[in-house]
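Chemist: Right, I'll just put the structure down here and ask away after.
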Amino acid sequence: MQVQHFFDPATSTITYLVFDPVSLVGVLIDPVLDYDARRVRLHTTSADAVAVAIDALGVRLAAVLETHVHADHFSAMAFFRERYGALGVIGARITEVQAHFAAVYGLGAAFPTDGSQWDRTLCDGESLDLGPFEIIAHSTPGHTPACTTWQIGELLFVGDVIFMPDFGTARCDFPAGSAEQLYDSIQRLYRFPDHFRLHTCHDYQPGGRELRWVCTVGEQKATNKQLGSDTPREDFVQWRQERDAGLNLPALMLAALQVNIRAGALPEPDASGQRYLKLPLGRF
Ligand SMILES: [Fe+2]
């Protein structure tokens with residue numbers, strides 16, 4: 001398999017294009033839709049650059065996958081599904097995230113919370129057969145309940161579970177997040193063979209170091225600054241909970257989630273054609 005990464009410096013997000021070099025069948029993981037807060041405008045500069053690469057390589061995009069419902073950026077899933085006729089895929093526990101945030105935004109009964117905005121929602125252990133290769137879903141909750149690690153051969157796309165060893169692990173204070181579950185999810189990743197490669201959804205470049213996005217299971221087990229293979233569960237959970245108690249919400253969270261729980265589709269326009277994002281004042 002070939003992997004090409006795309007880095008969005010505005011949100012430190014890494015999008016992956018993964019494709020079979022023989023058949024050119026590929027998938028895209030965690031694409032970003034840009035948001036210009038000063039002009040209150042979404043745009044597709046990042047997505048356009050990814051599309052140029054897909055077209056130049058001749059990749060036939062079969063699916064767009066989310067590792068989870070992102071709180072720090074808008075998803076470009078709708079852009080790529082429409083442009084390439086690709087399947088939209090997310091973990092099956094998306095329904096729990098939808099139900100929670102439908103209430104936060106007051107979306108009412110008209111908003112489906114059954115995951116039907118995606119083409120496929122995969123449970124733990126289910127796989128998606130794309131012909132030349134398959135993708136296996138591993139439920140890795142903790143950061144959010146719907147977090148899913150996508151396995152393609154010896155490659156693991158972990159989303160926000162773990163980051164590079166010098167940055168550590170994901171926060172667990174979002175609704176239905178759990179430091180205990182994150183610990184168990186990371187231990188699950190550590191049971192893959194040491195040479196398997198973990199690809200993260202973000203890299204925050206601590207200390208201004210060069211961008212990194214991939215690391216072996218063995219390197220994480222030996223050097224992750226917050227959770228190595230021998231870190232006791234109680235120690236990690238206590239540390240994570242104390243750390244999370246001091247964190248602010250991501251700047252784009254309440255704007256982005258109402259789009260991301262719709263698989264990247266925008267809220268319906270009013271009679272004049274104007275679309276709105278809602279912000280629940282005082283709710284968090
Ligand atoms: Fe996240």
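Chemist: What's the local net charge at Ala62, with K and R +1, D and E -1, over the other residues with C-beta under 12 Å away?
Modeler: -1
Chemist: For the residues Trp150, Trp118, Trp213, what sequence is obtained by ranking on other C-beta atoms within 10 Å, fewest first?
Modeler: Starting with the residue having the fewest Cβ neighbours, the order is Trp213, Trp118, Trp150.
Chemist: At q = 0.18, 0.20, 0.21 Å⁻¹, what log₁₀ I(q)/I(0) does the range 132-284 have when each alpha carbon counts as one equal point scatterer in the Debye sum?
Modeler: Relative scattering, expressed as log10 I(q)/I(0), comes to -1.12, -1.30, -1.38.
Chemist: Could I ask something else about it? Which whole-number percent is the relative contact order of the chain (Cα, under 8 Å, 6+ apart)?
Modeler: Reported relative contact order: 17 percent.
Chemist: Going by how many other Cβ atoms sit within 10 Å of their own, how do Thr144, Thr95, Thr149 line up, fewest first?
Modeler: Thr95, Thr149, Thr144
Chemist: Just for the range 125-210, what percent of DSSP beta bridges are antiparallel, to the closest 5?
Modeler: 75 percent
Chemist: Another question, if that's okay. Quote the Stokes-Einstein diffusion coefficient, in whole µm² s⁻¹, for the range 90-145, based on the Kirkwood radius over alpha carbon pairs, a temperature of 20 °C and a viscosity of 1.002 mPa s. Numbers along the way, then the final one.
Modeler: On the way: Rh = 12.6 Å.
It diffuses with D of about 171 µm²/s by this estimate.
Chemist: If each residue's Cβ is checked for other Cβ atoms within 10 Å, how do Leu247, Leu227, Leu87 rank with the fewest at the top?
Modeler: Leu247, Leu87, Leu227
Chemist: Using only Cα atoms, what is the ratio of the radius of gyration of the range 188-266 to 2.2 N^0.38 Å?
Modeler: 1.40
Chemist: If you don't mind, there's one more thing I want to ask. For the range 54-134, what are Rg and Dmax over the alpha carbons, in angstrom?
Modeler: My reading of the Cα-based Rg and Dmax gives 14.3, 43 Å.
Chemist: Moving on. Semi-axes of the equivalent ellipsoid of the range 123-197: what are they in whole Å, largest first, if each equals the square root of 5 times a C-alpha gyration tensor eigenvalue?
Modeler: Over the Cα atoms of the range 123-197, the semi-axes work out to 22, 15, 9 Å.
Chemist: Right, here's the next one. First obtain the Kirkwood hydrodynamic radius of the range 1-85 from its Cα pairs, then insert it into the Stokes-Einstein equation at 37 °C and 0.692 mPa s, and state the resulting D in µm² per second as a whole number.
Modeler: The diffusion coefficient I find is 251 µm²/s.
Chemist: Could the peptides 168-174, 119-125 be put in order, highest first, of the mean number of other beta-carbon atoms found within 10 Å of their residues?
Modeler: Taking the mean over residues of other Cβ atoms within 10 Å, the ranking is 168-174, 119-125.
Chemist: Would you compute the Debye intensity of the range 33-72 from its alpha-carbon atoms alone, equal scatterers and no solvent, and pass along log10 I(q)/I(0) at q = 0.17, 0.19, 0.22, 0.25 Å⁻¹ to two decimals?
Modeler: Here log10 of I(q) over I(0) equals -0.64, -0.75, -0.89, -0.97.
Chemist: If contacts are Cα pairs under 8 angstrom and at least 6 residues apart, what is the relative contact order of the range 186-243 in percent?
Modeler: 30 percent
Chemist: Have a look at the DSSP beta bridges in the range 28-150 and tell me what percent are antiparallel, nearest 5.
Modeler: Antiparallel bridges: around 60 percent, rounded to the nearest 5.
Chemist: Rounded to the nearest 500 deg cm²/dmol, what is the calculated helix-only ellipticity per residue at 222 nm for the chain, with -39500 (n - 2.57) per DSSP H run of length n ≥ 4?
Modeler: About -7500 deg cm²/dmol.
Chemist: Hey, could you get me the Stokes-Einstein D for the chain, Kirkwood radius over alpha-carbon pairs, 20 °C and 1.002 mPa s, rounded to whole µm² s⁻¹?
Modeler: Values: Rh = 19.2 Å.
Answer, rounded: 112 µm²/s.
Chemist: With both partners inside the chain, how many of the DSSP beta bridges are antiparallel, as a percent to the nearest 5? Please report the intermediate quantities before stating the final value.
Modeler: Working: 31 of 46 bridges.
Here the antiparallel bridges make up roughly 65 percent for the chain.
FYI, it's all coordinate maths here, none of it is from the lab. Here the structure is a predicted model, which means the values were calculated and not measured. Here the Cβ is made from the backbone with ideal geometry for all residues, glycine too, and neighbour counts use every protein chain on show.
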